[in-house]
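The values are calculated or read from the model by the stated rules, or taken from the named source; none is laboratory data. As the structure is a computational prediction, the values presented were derived from the model and not from experiment. A quick note on method: Cβ atoms are made from the backbone with ideal geometry, for glycine too, and the neighbour counts reach across all protein chains shown.
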Amino acid sequence: KKRAFVVTDRALYKMGFLNPIVKTLEKNGMAIKIFSDVEPDPTLEVARKGAEEMNSFKPDTIIAVGGGSPMDAAKIMWIMYEHPEVRFEDLAMRFMDIRKRVYTFPHMGDKAMLVC
């Protein structure tokens with residue numbers, strides 16, 4: 001793996017919690033892009049912005065650092081990156097349908113792996 005896209009929130013980024021992670025990735029020769037625009041209860045717009053940055057950077061590894069919000073945002077960004085043809089709104093509606101509790105998603109991991 002050579003390109004890591006790190007998803008986190010501003011507070012963790014500003015406090016330096018990512019520094020050891022970044023040092024380790026750099027030590028292993030990885031190019032790194034940090035996306036720190038995740039806020040509590042992230043919006044779909046934040047996920048879309050992150051996915052756009054992923055498409056530009058072309059990571060082969062996505063790393064979510066923080067609590068539930070960065071992890072949730074990273075998962076949605078990953079889906080949008082791996083499958084740009086899928087509309088998130090369509091997935092959400094299927095999930096809400098009580099008769100269709102399980103949604104089988106197309107294969108993931110062709111472009112990148114996700115680490116939370």
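Looking at the structure I just gave you, is Ala74 touching a strand residue (DSSP E or B) at 6+ places or on another chain (Cβ under 8 Å), surrounded by 12 or more Cβ atoms within 10 Å (Cβ to Cβ), modelled with pLDDT of 95 or more and closer than 13 Å to Leu114 by Cα?
On the way: touching a strand residue (DSSP E or B) at 6+ places or on another chain (Cβ under 8 Å): yes; surrounded by 12 or more Cβ atoms within 10 Å (Cβ to Cβ): yes; modelled with pLDDT of 95 or more: yes; closer than 13 Å to Leu114 by Cα: yes.
Yes; evaluated as a whole, the condition is true for this residue.
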Residues of the stretch 51-78 that turn out to be among the basic types (Lys, Arg) and in a helix (DSSP H, G or I), as a count: 1
Number of the exception - Lys33 against (1) assigned to a helix (DSSP H, G or I); (2) within 20 Å of Ala112 (Cα to Cα); (3) basic (Lys, Arg): (1)
Failed item in (1) farther than 19 Å from Gly109 by Cα; (2) out of contact with any Leu (no Cβ under 7 Å at 6 or more places or on another chain); (3) at pLDDT 95 or above, with Glu89 passing the rest: (3)
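Only one residue in Lys100, Lys111 is at pLDDT 90 or above and not in a helix (DSSP H, G or I), so which one is that? Don't jump to the end; show me each part of the working.
Details: Lys100 fails: at pLDDT 90 or above.
Exactly one residue qualifies, and that residue is Lys111.
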Complete set of residues in the stretch 4-29 that are within 17 Å of Met113 (Cα to Cα) and either buried (at least 17 other Cβ atoms within 10 Å of the Cβ) or at pLDDT below 95 (or both): Ala4, Phe5, Val6, Val7, Thr8, Leu25
Odd one out for Val86, checked against (1) more than 22 Å from Phe17 (Cβ to Cβ); (2) in contact with a helix residue (DSSP H, G or I) (Cβ under 7 Å, 6 or more places away or on another chain); (3) in a helix (DSSP H, G or I): (3)
